[in-house]
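Trainee: One structure follows; several queries about it will come next.
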Amino acid sequence: MGVDIRIVPARGKHCRSIARRMRAEDAEECRAMAGLSPLVGLRLSMKRSQAFTGLYDGRPEAMFGTSDLNVLAGIGSVWLLGTDEIARHPRDFLSLCREWRPKLFERYSVLRNVVSESNAASLRWLVWLGAHFYERIEVGGRGFLLFELRK
């Protein structure tokens, strides 16, 4: 049975709800990338981005957004942090991604970021989205892969 997913502007209270139940892999990326707790990672990401929350049957389960890297070149950063609820409803999540992908590119022609090379679920999702992976870098003692999505 499907879940009702609505996308709304991200709010501070969403950060607390998601952070308490964040996927282990996403929480580890927050710690490795900047030494941040899931809550602080979400709050900073939300403040620095045009951020949205995915409400699954009214409960915050994912937060994502884009921010400027190089406005003149049309390059932005993209991110998503969420709970295990995403994996419980993969078809609903992927359908939503298909709908939202063009919206993320309204301001950018290229979106970039890094992903932990051990985050198998995120890597599969990024491949599905059409990401291209580039060099491997070490951050916080962990391997990350630079990726890029194009319009």
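The values are calculated or read from the model by the stated rules, or taken from the named source; none is laboratory data. Source: prediction; values computed, not measured. Every residue, glycine among them, receives a Cβ derived from its backbone with ideal geometry; neighbour counts consider all protein chains shown. Side chains included, ligands, DNA and RNA excluded: accessible areas come from the protein's heavy atoms. Shrake-Rupley method; radii C 1.70, N 1.55, O 1.52, S 1.80 Å.
Residues are listed down the side, and each one gets a yes or a no for (1) surrounded by fewer than 20 Cβ atoms within 10 Å (Cβ to Cβ); (2) free of Cβ contacts under 8 Å to residues at least 40 places away in the same chain:
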site	(1), (2)
Asp92	yes, no
Lys103	yes, yes
Ser116	no, no
Leu129	yes, yes
His132	yes, yes
Arg136	yes, yes
Lys151	yes, no
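Trainee: Select, from Val3, Val71, the only residue that is farther than 23 Å from Leu149 by Cβ, among the aliphatic types (A, V, I, L, M) and either modelled with pLDDT under 95 or surrounded by fewer than 15 Cβ atoms within 10 Å (Cβ to Cβ) (or both).
Mentor: Of Val3, Val71, the one residue that is farther than 23 Å from Leu149 by Cβ, among the aliphatic types (A, V, I, L, M) and either modelled with pLDDT under 95 or surrounded by fewer than 15 Cβ atoms within 10 Å (Cβ to Cβ) (or both) is Val3.
Trainee: Considering Gly41, Gly12, Gly74, which residue is in contact (Cβ under 8 Å) with a residue 40 or more places away in the chain and among the small types (Gly, Ala, Ser)?
Mentor: Result: Gly41 is the single residue among Gly41, Gly12, Gly74 that is in contact (Cβ under 8 Å) with a residue 40 or more places away in the chain and among the small types (Gly, Ala, Ser).
Trainee: Of everything in segment 26-43, what is modelled with pLDDT of 95 or more and either aliphatic (A, V, I, L, M) or surrounded by fewer than 16 Cβ atoms within 10 Å (Cβ to Cβ) (or both)? Give them in sequence order.
Mentor: If the condition is that a residue be modelled with pLDDT of 95 or more and either aliphatic (A, V, I, L, M) or surrounded by fewer than 16 Cβ atoms within 10 Å (Cβ to Cβ) (or both), then Ala27, Ser37, Leu39, Val40, Leu42 are the ones that fit.
Trainee: Based on this model, can you work out whether Ala121 counts as within 17 Å of Arg21 (Cβ to Cβ), touching a helix residue (DSSP H, G or I) at 6+ places or on another chain (Cβ under 8 Å) and open to solvent by 60 Å² or more (accessible area, probe 1.4 Å)?
Mentor: no
Trainee: Can you give me the number of residues within segment 74-100 that are among the small types (Gly, Ala, Ser), at pLDDT 95 or above and closer than 22 Å to Leu39 by Cα?
Mentor: Applying the first criterion (among the small types (Gly, Ala, Ser)) to segment 74-100 yields 74, 76-77, 82, 87, 95.
Next, from what is left, pick out any that are at pLDDT 95 or above: 74, 76-77, 82.
Cutting the leftovers down to closer than 22 Å to Leu39 by Cα gives us 77, 82.
Matching residues across segment 74-100 total 2.
Trainee: Could you please give the count of residues in segment 6-20 that are over 14 Å from the mean Cα position of the chain (by Cα), of a type outside the set (S, T, N, Q) and open to solvent by less than 60 Å² (accessible area, probe 1.4 Å)?
Mentor: 3
Trainee: Only one of these is part of a strand (DSSP E or B), closer than 24 Å to Arg11 by Cα and more than 15 Å from the chain's Cα centre (by Cα): Leu81, Leu69. Name it. Reasoning before the result, please.
Mentor: On the way: Leu81 fails: more than 15 Å from the chain's Cα centre (by Cα).
Of Leu81, Leu69, the one residue that is part of a strand (DSSP E or B), closer than 24 Å to Arg11 by Cα and more than 15 Å from the chain's Cα centre (by Cα) is Leu69.
Trainee: Quick one: Arg23 ticks every box in (1) touching a residue at least 24 places away in the same chain (Cβ under 8 Å); (2) among the basic types (Lys, Arg); (3) open to solvent by 50 Å² or more (accessible area, probe 1.4 Å) except a single one, so which number is it?
Mentor: Only one criterion is unmet by Arg23, namely (3).
Trainee: Still on this structure: If Glu99 passes every condition in (1) outside any helix (DSSP H, G or I); (2) acidic (Asp, Glu); (3) open to solvent by 30 Å² or more (accessible area, probe 1.4 Å) but one, which one does it miss?
Mentor: (1)
Trainee: Which count do you get for residues in segment 53-63 that are under 11 Å from His14 (Cβ atoms), out of contact with any Gly (no Cβ under 6 Å at 6 or more places or on another chain) and open to solvent by less than 50 Å² (accessible area, probe 1.4 Å)?
Mentor: Selection size over segment 53-63: 5.
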